[in-house]
Amino acid sequence: MWKQFIGKLSWKSLKSNSGGGGGYSPPAGKPSPLSPRTNGNAVAKPNASPPPAAGAEGRPREEAFVQKVNICCVVFDFSDRGKDSTEKERKRQVLMSLVDCVGAAEEPLTEGMTAACVRMFAANLFRVFPPKVRSGTTASETEEDEPFFDPSWYHLQVVYELLLRFVTSPMVDAKAARKYVDSSFISRLLDLFDSDDPRERDCLKTILHRIYGKFMGNRPFIRKAVSNIFYRFVFETDHHNGIAELLEVFGSVISGFAKPLKEEHKLFLLKALIPLHKPKTVGVYLPQLTYCITQFIEKETKLAGTVIRGLLKYWPVTNSQKEMMFLGELEEVLELTDMAEFQKCMVPLFRRIANCLNSSHFQVAERALFLWNNEHLFDMISQNRQVILPIIYPALERNTRWHWNQSVLNVTLNVRKMFLDMDERLLLACQNNFQADEEKRAATEERRRLMWEQLERNAAAATFHHHPVITNDTSFPAPPSSAPLVAPTVT
């Protein structure tokens, strides 16, 4: 039955009215990531531009196309590789012929063809994901595990390539297709970013970027829907597989924002991007997040202060690896910060850096000290040394006296020498103040110790002179025998 039906709807009948055309060939050098021919098992497919078949001229182009698309709406079970293998391969060949047909189309797709394509995409792509094989493990454990590969990817790969050709084809009118590529379709497409298969997320990343570029009327909805995904991830689920891919798409989107930035875009930075520093899995997507944030600062430098205060708000306290990541991102942000914004937040900023300098984790302390190697930051520090040096000098002095790591000690001495060369009088004043504070602290601790010793002696003396009187008769007086027993009253 399948053989007869596909034979009637051969590729020859599809191309008879369109005047032929060559099949798609990926550019030389790097094959397309969505190409079904890159998996090593090439499958023979019909020729992209055969001569017209006899009797095919009378068949309407739309009818033949829609019937082929309807064949591809049949969904198979890929959990059992041997089940329906022949039908699966036949459907895959039909999909590949549709890929070439859309890529080489010379006439616009009609509304019926567009509706059939979108219906087929929904039938094949929008699905319930298979159960996660890594359930029950913590986030830190799953970062090093091998990724999960969907068994149906051999088939889905062709569907995704067809969707990409459909979105990018100039023969698909955006205004007509928007009726079918609507908010519901895009919302379900965004749900697929939570797939465990990294290959699927990579395809979705490319397709979403193309949809955002072509369907301009859907841009506000896409931004709002992605913001909601970030909100649920940060404040509810604490798990999502596609945050890095979504941020990568929005990195290019943000770079295209017009100046001055709209209030909506600033709120996206403040309420969606900055809170993404809160989850403990931030290391998975931190490079993409940092790129998005720096794009905002390059568009409007006044946002640097907002970003720095956001980093300080979500600064890790007990996670040393995350703290090192924050220091790296902080340096990138400070490179783009001008003097006015730096002066607004330098006091809380260097209080936090001082805490990092005294960290018992030597890599955190060393990474914080390396901030002085940045020329732009060093220049801003030198111009504001009257405020900054009194904040961080106690941390530097404690490192030189008590830090256990020799590398941290050496870098601390280098930073201290920088300040000495910069302003020796200020450094000596800070040293005298630190010495006075240390003497006051030692005197306070001594008074506290003596006070506790006195309290302990007084308590011991009171216990010795006032022993409690213990009698042998510890029984309670018995109630009178004539006392009647009264049941409790229930109201």
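Anything in the stretch 63-103 that is open to solvent by less than 20 Å² (accessible area, probe 1.4 Å) and either among the polar types (S, T, N, Q) or without any contact (Cβ under 8 Å) to a residue 12 or more places away in the chain (or both)? List them, or say none. Answer for the stretch 63-103, where residues must be open to solvent by less than 20 Å² (accessible area, probe 1.4 Å) and either among the polar types (S, T, N, Q) or without any contact (Cβ under 8 Å) to a residue 12 or more places away in the chain (or both): just S97.
One residue is enough: does the stretch 269-286 have a residue meeting the conditions under 28 Å from R352 (Cα atoms), among the basic types (K, R), under 17 Å from the mean Cα position of the chain (by Cα) and not in a helix (DSSP H, G or I)? For the stretch 269-286, residues under 28 Å from R352 (Cα atoms), among the basic types (K, R), under 17 Å from the mean Cα position of the chain (by Cα) and not in a helix (DSSP H, G or I): present. A single entry from G217, G213 fulfils the requirement of being at negative phi, free of Cβ contacts under 8 Å to residues at least 12 places away in the same chain and either assigned to a helix (DSSP H, G or I) or open to solvent by 70 Å² or more (accessible area, probe 1.4 Å) (or both): G213. For the stretch 84-125, the tally of residues that are charged (D, E, K, R) and farther than 25 Å from K179 by Cα stands at 7. Looking at H240, is it crowded, with 18+ Cβ neighbours inside 10 Å, at pLDDT below 95, in contact with a helix residue (DSSP H, G or I) (Cβ under 9 Å, 6 or more places away or on another chain) and over 30 Å from I308 (Cα atoms)? In short, no.
Condition check: at pLDDT 90 or above, surrounded by fewer than 17 Cβ atoms within 10 Å (Cβ to Cβ) and more than 29 Å from D194 (Cβ to Cβ). Does T110 satisfy that?
Yes, satisfied.
Could you list, in sequence order, the residues of the stretch 317-342 that are farther than 17 Å from E375 by Cα and not hydroxyl-bearing (S, T, Y)? Within the stretch 317-342, V317, N319, Q321, K322, E323, M324, M325, F326, A340, E341 meet the criteria.
For the stretch 147-175, a residue qualifies if it is in a helix (DSSP H, G or I), within 26 Å of the chain's Cα centre (by Cα), among the hydrophobic types (A, V, I, L, M, F, W, C) and farther than 18 Å from T114 by Cβ, and the qualifying residues are W153, L156. Of all residues assigned to the stretch 253-264, at least one qualifies as being assigned to a helix (DSSP H, G or I), within 22 Å of the chain's Cα centre (by Cα) and surrounded by 15 or more Cβ atoms within 10 Å (Cβ to Cβ).
Residue-by-condition table, conditions (1) surrounded by fewer than 15 Cβ atoms within 10 Å (Cβ to Cβ); (2) closer than 23 Å to V415 by Cβ; (3) not small (G, A, S):
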site: F268; (1), (2), (3): no, no, yes
site: Q288; (1), (2), (3): no, no, yes
site: T294; (1), (2), (3): no, no, yes
site: G305; (1), (2), (3): no, no, no
site: V333; (1), (2), (3): no, yes, yes
site: V347; (1), (2), (3): yes, yes, yes
site: L369; (1), (2), (3): no, yes, yes
site: H376; (1), (2), (3): yes, yes, yes
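The values are calculated or read from the model by the stated rules, or taken from the named source; none is laboratory data. Quick caveat, the model's predicted, so the values are computed rather than measured. Neighbour counts are summed over all protein chains in view; Cβ atoms, including those assigned to glycine, are modelled from backbone coordinates with ideal geometry. Side chains are part of the model used for accessible areas, which takes the heavy atoms of the whole protein and leaves out ligands, DNA and RNA. Shrake-Rupley method; radii C 1.70, N 1.55, O 1.52, S 1.80 Å.
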